[in-house]
Amino acid sequence: MDNYDVVVIGGGLTGSALSYELAKQDLRVLLLEKDRISDNATIYSYGGIAYWCGSDDLTIQLCNEGINIHRNLSAELEADNQFQELNLLFTIAPNQDIKEVESAYQQFHIKPQLLDLETTVALEPLLNKNAIAGSLRFPQGHVNPEKTVLAYQQAFLKLGGKIIYEKVIGLLKKDHKITGIKTTKNSYSAEQVIISAGADSRSLLQQLNLNLPVYFSHAQLIKTKPTDIKLKTLIMPATTKRLDIEKQVTQMEKTSLWEKPNDEIQADVVEAGAIQFADGSFCLGQISQIITDINAQIEKQVSENRIREALDKVLPSLASLEGQWHNCQVAFSQGMPFQVGKIKQLEGLSMFSGFTSPFVFVPPLAKYFAEYLTDGKNDIIDRLPDLTKLS
Ligand SMILES: Cc1cc2nc3c(=O)[nH]c(=O)nc-3n(C[C@H](O)[C@H](O)[C@H](O)COP(=O)(O)OP(=O)(O)OC[C@H]3O[C@@H](n4cnc5c(N)ncnc54)[C@H](O)[C@@H]3O)c2cc1C
């Protein structure tokens, strides 16, 4: 059986960045990814780097470090991931109470700038004047998600890391220690196994009877072909509904929902938003739904029509662009914007998953977690709460 210092499960943003940082520490690292052609939350993402979203000393520090890493990441990884700095506009609908909306965004260390209708439309002429009352502006970083993951993976390979495309179907355990993993084809042993499998992290933990607060939503979006239309900003509606539903469905009394997964829609929110990539293509979104069955079937046409109808009000010139509809699952956690650390109940097993705003938090935390696993301590990782096991 091949032996590694670390096996990382999952080649999305989290697993790829972490594998690179671990290889930089001279560890022998195997990254296992089930799909040769990516079909995960990362490649369908907007790629926004929300470095304004810190709300305590730790997350503020990570936000500042996250954006600084991104400013140099293309150079460090020796691959262009199309990093840019732009304006994120949270559009305010005419029927929303502007003061209430503004106060919902005061919890962050960078406060939004309230823009009136004229200023908003001057910044983003594609917005429909009749559908909005103004906006909240945040400074935001932006990358092409697919190119970022590829850049991390190529830099990881250059450092001697190994990527194998096999699905992990189980973890190998001896007494209270994880000793490796089993895929559909092989077994690999490792001193440390790290779960970075996005929404699938939950089922991998469940196989070990570990009930950590990692959940997922189903997200639907449309990726278009390149066009000549130019969007200058990242557009999303000023609503905290998505984060609110994530909180609701993870409250203690609701956790039983996740124990018996089914295809009932527990919560649903449409957020008319758009981002354009350097080649002129768009990601148009998005619907977020809480359905506890990870394999739930989503009605493509209904979903696509809902996204296009919502966009037609705010960004009419984008609503009927030709494009491909996608559904993916996005991990999130409860209490903290990530689940990072060793799992105390089982030696040799760690988590690096469940991120909210991963594009800002993952790069610095991957670096710190790799240092922690090498040195046995790290000032930042030592400050994180123990991974909480739910009863
Ligand atoms: C429309 C949309 C817009 C978004 N916008 C933003 C944004 O602007 N900013 C931001 O920070 N975030 C954004 N997000 C969220 C962000 O994209 C995700 O949270 C993030 O990409 C998740 O990365 P991940 O590595 O945890 O999971 P994933 O990207 O889902 O990767 C997990 C990987 O694990 C693999 N895997 C799973 N199980 C196994 C197994 N058993 N064996 C081997 N491999 C396995 C999967 O194949 C997958 O490749 C957005 C998401 C969506 C859908």
State yes or no: is LEU58 under 18 Å from LEU157 (Cβ atoms), surrounded by fewer than 22 Cβ atoms within 10 Å (Cβ to Cβ), assigned by TED's automatic domain parsing to the domain that holds VAL362 and of a type outside the set (Phe, Trp, Tyr)?
no
Among the numbered criteria (1) within 11 Å of the ligand (Cβ to nearest atom); (2) within 21 Å of GLY141 (Cβ to Cβ); (3) in contact with an Asp or Glu (Cβ under 9 Å, 6 or more places away or on another chain), which single criterion is violated by GLY66?
(3)
What are the residue pairs meeting all of these: first residue in the stretch 13-26, first residue over 17 Å from ASN40 (Cα atoms), second residue charged (D, E, K, R) and away from the ligand (no atom under 15 Å from the Cβ), Cβ atoms under 6 Å, and 6 or more apart or on different chains?
GLU21/LYS367
At least 3 residues that are surrounded by fewer than 20 Cβ atoms within 10 Å (Cβ to Cβ) in each: list the strands (runs of 3 or more DSSP E) lying fully within the stretch 236-355 that qualify.
267-276, 323-333
Which one of these does ASN68 not meet: (1) farther than 17 Å from PRO337 by Cβ; (2) under 18 Å from the mean Cα position of the chain (by Cα); (3) not in a loop (DSSP other than H, G, I, E, B)?
(2)
Among LEU58, LEU73, which is the only one that is touching a residue at least 40 places away in the same chain (Cβ under 8 Å), in a helix (DSSP H, G or I) and farther than 23 Å from PRO145 by Cα?
LEU58
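A quick yes/no check of all residues on (1) closer than 22 Å to GLN266 by Cα; (2) of a type in the set (A, V, I, L, M, F, W, C); (3) more than 10 Å from the ligand (Cβ to nearest atom):
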site	(1), (2), (3)
SER196	no, no, no
ALA199	yes, yes, no
LEU204	no, yes, no
ASN209	no, no, yes
HIS218	yes, no, no
LYS223	no, no, no
LYS232	no, no, yes
ILE235	no, yes, yes
Name the single residue, out of those in the stretch 189-223 being among the hydroxyl-bearing types (Ser, Thr, Tyr) and assigned to a strand (DSSP E or B), that is nearest to TYR44 (Cα to Cα).
SER217
Filter the stretch 1-25 for residues that are assigned to a loop (DSSP other than H, G, I, E, B) and more than 6 Å from the ligand (Cβ to nearest atom); which is nearest to GLY180 (Cα to Cα)?
MET1
Residue hits (the stretch 26-48; assigned to a strand (DSSP E or B) and near the ligand (Cβ under 7 Å from one of its atoms)) are LEU32, GLY48
Residues LEU126, LEU159, LEU136, LEU117: which one is touching a strand residue (DSSP E or B) at 6+ places or on another chain (Cβ under 7 Å) and farther than 30 Å from ASP57 by Cβ?
LEU117
The correct count of residues that are of a type in the set (Ser, Thr, Tyr), modelled with pLDDT under 95 and either more than 14 Å from the chain's Cα centre (by Cα) or away from the ligand (no atom under 11 Å from the Cβ) (or both) in the stretch 316-358 is 0
Given the conditions (1) assigned by TED's automatic domain parsing to the domain that holds LEU231; (2) touching a strand residue (DSSP E or B) at 6+ places or on another chain (Cβ under 6 Å), every one holds for GLN339 apart from (1)
Condition first: within 16 Å of the ligand (Cβ to nearest atom) and assigned to a strand (DSSP E or B). Can you find one or more residues in the stretch 98-110 that meet it?
no
Options PHE369, PHE361; residue that is within 15 Å of the chain's Cα centre (by Cα), buried (at least 22 other Cβ atoms within 10 Å of the Cβ) and touching a residue at least 24 places away in the same chain (Cβ under 8 Å):
PHE361
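The values are calculated or read from the model by the stated rules, or taken from the named source; none is laboratory data. As the structure is a computational prediction, the values presented were derived from the model and not from experiment. Here Cβ is always computed from backbone atoms with ideal geometry, including for glycine, and neighbour counts include all displayed protein chains.
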